[in-house]
Amino acid sequence: MTRVKRRFRRTTVVVLAASAITGVVVGTLPSSSEHHLTTAAVSVDPATLYNAAQQKFSAGDVPAGLTDLQQALTLSPADGQSLALQAIWADQVSDTAVGKVAVNRLSVINPLLAKTARSIIDGVTAAAAIVPSTEPTTVSGNPAIVILGFGLSPQGKPAPELIKRLAAGKAEAAAIPTAPIVVTGGKPQNGVTEAAVMKKWLTDNGIDASRILTEDSSVSTVANAQNTAKLLAARGISDVVLATSPNHIRRAAADFAATGLRVVQSITTDTDLAKNATPLPKDKQTGIRVEATRTAGIPASRTPLLPSDQLPDVGPGLIDDIGGKILKQLLESGSSGGQ
């Protein structure tokens, strides 16, 4: 902490003003007949700490990322995105106490984001526990069957693994004959998308075209989940059965759960089935957790505040006057932050 020139003093005023308005504790203010405002330069802001945390989560250093988030929340206690990440990543290290507090605070600040955080936490847990199976299953309710795409050849032909995914989805469609089927995948080759090729294969193999919904703009699993969620929301559908490959099912299930969809069942191809049979332990869930947060729209990074030397000079005396008045009001109110 270092003393700074007058043009930097707005930092102190902002902190004090936020404290006065929100009731956030900055610290206990001593009683005194004279009070002086001391301004200080801070080397980081909440966005910088948030970005550092996200980088550490992506690198697998979850404890260090949580430390950065805690510091960010000390500076900005009502930051919904930081609270959501704190809850999500506290679950990764099984810190239920911190996770519960974060979700409870977020439920007051932003109930919708709190719901999203719970969906990610529950979705990652459920996805990690999936044991891939090639057996179709009857599912009650009103689910949709979602068949995930796979890259086409340069000539626009389906790869063998895509045909296997389609065959698995077709088997599930026979087990749930009233369920709509979503084929999802963009990445056109030779002028045709994955979804178009998938729909043609299904209709050529006996599936009524009226059952098939096409999502042909996505180029990743994240976009598959986001776009399919919108497509199904318009039809009042919230439950899905996923059809994909064993090495893809857990990541896909976590992504779809992050959109708010409920993954009620899955079916996979037989490719590397035994290799992917073991559920993911907590220390192997980092990758699917990171991607689930991206799917939910929690940003990977945020723009930090302007550097201090780019702040405009507001003229002599103004910051000291405002800061002194706010400090005086806080002291006269006897606020200790406990209310």
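The values are calculated or read from the model by the stated rules, or taken from the named source; none is laboratory data. Because the structure is predicted, anything quoted here is derived from the model rather than measured. In this analysis, Cβ positions are derived from the backbone assuming ideal geometry, glycine residues included, and neighbour counts consider all displayed protein chains. Surface areas here come from the heavy atoms of the whole protein model, side chains and all, with no ligands, DNA or RNA. Shrake-Rupley method; radii C 1.70, N 1.55, O 1.52, S 1.80 Å.
What to note about this one:
- Matching residues in region 191-220 - criterion: being more than 18 Å from ILE163 (Cα to Cα) and either among the polar types (S, T, N, Q) or open to solvent by 70 Å² or more (accessible area, probe 1.4 Å) (or both): GLY191, SER210, SER217, SER218, VAL219, SER220
- ARG165 falls short on exactly one of the conditions (1) open to solvent by less than 20 Å² (accessible area, probe 1.4 Å); (2) in contact with a Phe, Trp or Tyr (Cβ under 9 Å, 6 or more places away or on another chain); (3) part of a loop (DSSP other than H, G, I, E, B), and that condition is (3).
- Residue-level check: of (1) under 23 Å from GLU135 (Cβ atoms); (2) open to solvent by 50 Å² or more (accessible area, probe 1.4 Å); (3) not in a loop (DSSP other than H, G, I, E, B), ASN247 misses just (3).
- Screening the candidates ASP309, ASP272, ASP255 for the property of being of a type in the set (Asp, Glu) and at pLDDT below 95 yields one hit, ASP309.
- Residues that are assigned to a helix (DSSP H, G or I) and either closer than 26 Å to GLY297 by Cβ or modelled with pLDDT under 95 (or both) are absent from region 23-44 altogether.
- When residues of region 205-219 are limited to those that are among the β-branched types (Val, Ile, Thr) and in a loop (DSSP other than H, G, I, E, B), the one modelled with the lowest pLDDT: VAL219
- Residue identified as assigned to a loop (DSSP other than H, G, I, E, B) and either in contact (Cβ under 8 Å) with a residue 24 or more places away in the chain or open to solvent by 30 Å² or more (accessible area, probe 1.4 Å) (or both) among VAL124, VAL108, VAL139: VAL139
- Leading residue by the ranking (most open to solvent (accessible area, probe 1.4 Å)) among those in region 168-190 that are polar (S, T, N, Q) and under 24 Å from SER140 (Cβ atoms): THR178
- When LYS230 is tested against (1) crowded, with 21+ Cβ neighbours inside 10 Å; (2) free of Cβ contacts under 8 Å to residues at least 24 places away in the same chain, just one condition goes unmet, and that condition is (1).
- Of all residue pairs spaced 6 or more apart or on separate chains, none has beta-carbon atoms under 6 Å together with a first member in region 269-290 that is free of Cβ contacts under 8 Å to residues at least 40 places away in the same chain and a second member that is open to solvent by 30 Å² or more (accessible area, probe 1.4 Å) and in a helix (DSSP H, G or I).
- Hey, GLY141 at pLDDT below 95, under 30 Å from ASP216 (Cβ atoms) and of a type outside the set (Phe, Trp, Tyr) or not: yes
- Subset of region 274-299 (residues that are small (Gly, Ala, Ser) and closer than 21 Å to LEU83 by Cβ): ALA292, ALA296, GLY297
- Just so you know, in region 142-161 the residues that are outside any loop (DSSP other than H, G, I, E, B) and more than 19 Å from PHE256 (Cβ to Cβ) include one that is least open to solvent (accessible area, probe 1.4 Å), and it is GLU161.
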